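Data block below; observations after.
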Amino acid sequence: MSKTEKVDDPLKSFNEILLPDPRQKHFSGSLMDRHEILSKINLHEGVPIEVRQSFETAKNLCLYTWFVYRFHQVSELMAFITLEVALRNRFLFESPNQTVPSFAKLLKRAKEKQWIENERFPSLLTKAVQYASDKKYFKQFKEHDFDNEPEMLIDDDPNEREITEALAEIDLVGAITSTTNKLRNNLAHGAT
């Protein structure tokens, strides 16, 4: 490493602390918008306090990415830690005298025991509509004869049947339980 290399994103000067990170201009919305969105994401009172506290820490870190873009990774890591704490608590509630398994095994158990279910994700229907729409578009694109018709008109939005089929194909829980441990490990073990 040469002596002329500089660290990206050094500590901000005192006068710049409250200025947004310059990369924020690439995203829509304001700090107030971000705060409003984060304010609406809450865990209910029945969730153990240590899980709720960890979750609020992740939300605060996410809010402060407005000022320091590199806090995104820290916020994500804190969210993964929160999930692990929640799964560990659930495991110990159901099996108080057993050794807590690794995060990967906790995720697998969460899927098997249906602690996490596709139907409980508020975004599932939105994802299904988008998936059905994309699937319809790509099928149309693949079948279209661009040599004879250079322009392609896009069909209407997906119908109920197409959305229902998309819902059956989407496995958010499978995606989460198969990738979360890897994502968390990359962040926790210094991946850039």
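Cβ-Cβ contacts under 7 Å between residues 6 or more apart (or on different chains), taken from a first residue in the range 142-157 that is surrounded by 10 or more Cβ atoms within 10 Å (Cβ to Cβ) to a second residue that is aromatic (F, W, Y), are listed as M152/F141; I154/Y137. Residue under question is L107, and the condition is that it be in a helix (DSSP H, G or I), closer than 23 Å to L38 by Cβ and touching a residue at least 40 places away in the same chain (Cβ under 8 Å); does it hold? Criteria not met by L107.
Among residues of the range 157-192 being outside any helix (DSSP H, G or I) and among the aliphatic types (A, V, I, L, M), the one that is farthest from the chain's Cα centre (by Cα) is A191.
Evaluate the range 42-55: report whether one residue or more is open to solvent by less than 40 Å² (accessible area, probe 1.4 Å) and small (G, A, S). Checked the range 42-55: at least one residue is open to solvent by less than 40 Å² (accessible area, probe 1.4 Å) and small (G, A, S). Take the conditions at pLDDT 95 or above, over 20 Å from P48 (Cα atoms) and open to solvent by 50 Å² or more (accessible area, probe 1.4 Å) and apply them to K135. Does it pass? No. Looking only at residues in the range 1-47 that are hydroxyl-bearing (S, T, Y) and modelled with pLDDT of 90 or more, the one that is nearest to P122 (Cα to Cα) is S39.
Looking across V173, V129, V100, one residue alone is surrounded by 12 or more Cβ atoms within 10 Å (Cβ to Cβ), in contact with a Lys or Arg (Cβ under 8 Å, 6 or more places away or on another chain) and within 24 Å of I41 (Cα to Cα). It is V173.
The values are calculated or read from the model by the stated rules, or taken from the named source; none is laboratory data. Quick caveat: nothing in here was measured; it's all calculated off a predicted structure. Heads up, the Cβs are rebuilt from the backbone with ideal geometry, glycines too, and the neighbour counts pull from every protein chain shown. Ligands, DNA and RNA are stripped out before the accessible areas are found, and what is left, the full protein with its side chains, is counted by its heavy atoms. Shrake-Rupley method; radii C 1.70, N 1.55, O 1.52, S 1.80 Å.
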